[in-house]
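The values are calculated or read from the model by the stated rules, or taken from the named source; none is laboratory data. Since the structure is predicted, the reported quantities are computational estimates derived from the model, not experimental observations. Cβ sites come from the backbone with ideal geometry, for glycine too, and all protein chains shown count toward neighbours. What goes into the accessible areas is simple: the full protein's heavy atoms, side chains included, and nothing from ligands, DNA or RNA. Shrake-Rupley method; radii C 1.70, N 1.55, O 1.52, S 1.80 Å.
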Amino acid sequence: MPWFVWLLAAAALGAAEFFTLTLVFGLLAGAALVAAVVAGVGIGILGQLVALALAAVAGLAIVRPVALRHMEQQPLIREGSDALIGKRAEVMQEVTATRGLIRLSGEDWSARALDESLVIPVGALVDVMEIEGATAIVYPRELLP
């Protein structure tokens with residue numbers, strides 16, 4: 001079997017992997033590439049099929065379980081001030097584009113509005129969008145009057 005037929009098979013399997021995202025077709029595409037190299041070296045059809053089978057078994061038995069284990073890992077936990085992003089806070093002093101004060105996780109933080117045109121009144125609830133140094137950049141949870 002000519003090597004370019006194996007390349008076509010690898011391309012077709014790669015396209016199938018693109019649409020299914022199962023890791024199976026991608027590993028089989030890699031095995032077809034191995035068979036293409038074996039065919040390119042001049043080894044016969046039996047050697048090509050053995051190379052295809054060995055590469056497929058190695059990929060499915062060794063590589064796929066490791067890849068699946070890595071995909072199942074939980075994302076890194078945010079720590080420090082990064083953990084405050086997305087939290088709800090209460091405005092203690094009016095928040096503008098340049099200054100303000102909020103109560104965030106039981107602590108008072110300096111704050112400024114994400115939208116420079118907003119003035120957020122005392123008592124309003126806000127979401128922390130980002131942290132810059134010791135200043136929380138906030139946006140109101142509800143529409144302001």
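For the range 52-125, calculate the relative contact order in percent as a whole number, restricting contacts to Cα pairs under 8 Å that are 6 or more residues apart. Don't skip to the answer; put the middle values down first.
On the way: 87 pairs, mean separation 17.6, N = 74.
Across the range 52-125, relative contact order equals 24 percent.
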Problem - Per residue accessible area of the chain, 1.4 Å probe, in Å² - result: 65
Completion exercise
Rounded to the nearest 10, the angle in degrees between the Cα long axis of helix 24-41 and the longest principal axis of the Cα atoms of the chain comes to 40
Practice task
Express in nm, to one decimal, how much length is gained between Gln93 and Ser105 on full extension, taking 0.36 nm for each residue of separation and deducting their alpha carbon distance.
Solution key: 2.7 nm
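Which whole-number percent is the relative contact order of the range 97-141 (Cα, under 8 Å, 6+ apart)? Can you show the working numbers first?
Numbers: 75 pairs, mean separation 15.5, N = 45.
Dividing the mean separation by the residue count of the range 97-141 yields 34 percent.
Ignoring any ligand, DNA or RNA, what whole percent of the accessible area of the range 40-134 comes from carbon and sulfur when the probe is 1.4 angstrom? All intermediate terms of the calculation are to be shown ahead of the outcome.
Details: 3750 of 6410 Å².
With neighbouring chains kept in place, the figure for the range 40-134 is 58 percent.
Within the chain, which is the longest segment containing none of the trypsin sites (Lys or Arg not before Pro) that sit in a DSSP loop and have at most 15 other Cβ atoms within 10 Å? It would help to have the intermediate numbers written out before the result.
Working: sites that count: Arg78, Lys87, Arg99, Arg141.
Looking at the chain, 1-77 is the longest stretch - no exposed trypsin sites (Lys or Arg not before Pro) with at most 15 other Cβ atoms within 10 Å.
Just need the relative contact order of the chain here, percent rounded to a whole number, with Cα pairs under 8 Å and 6+ apart. Can you show the working numbers first?
Values: 237 pairs, mean separation 21.9, N = 145.
With pairs under 8 Å counted, the relative contact order is 15 percent.
Only Lys, Arg, Asp and Glu count, each charged at its Cβ (+1, +1, -1, -1), so figure out the dipole size of the chain about its Cα centre, rounded to 20 debye. The partial results should precede the final answer.
Details: 9 positive and 14 negative charges, 131 e Å.
The calculated dipole for the chain is roughly 640 debye.
Rounded to the nearest 20 debye, what is the charge dipole size of the range 47-113 about its Cα centre when +1 sits on each Lys and Arg Cβ and -1 on each Asp and Glu Cβ? Could the numbers behind the result be given before it?
Working: 8 positive and 7 negative charges, 39 e Å.
The dipole magnitude comes to about 180 debye.
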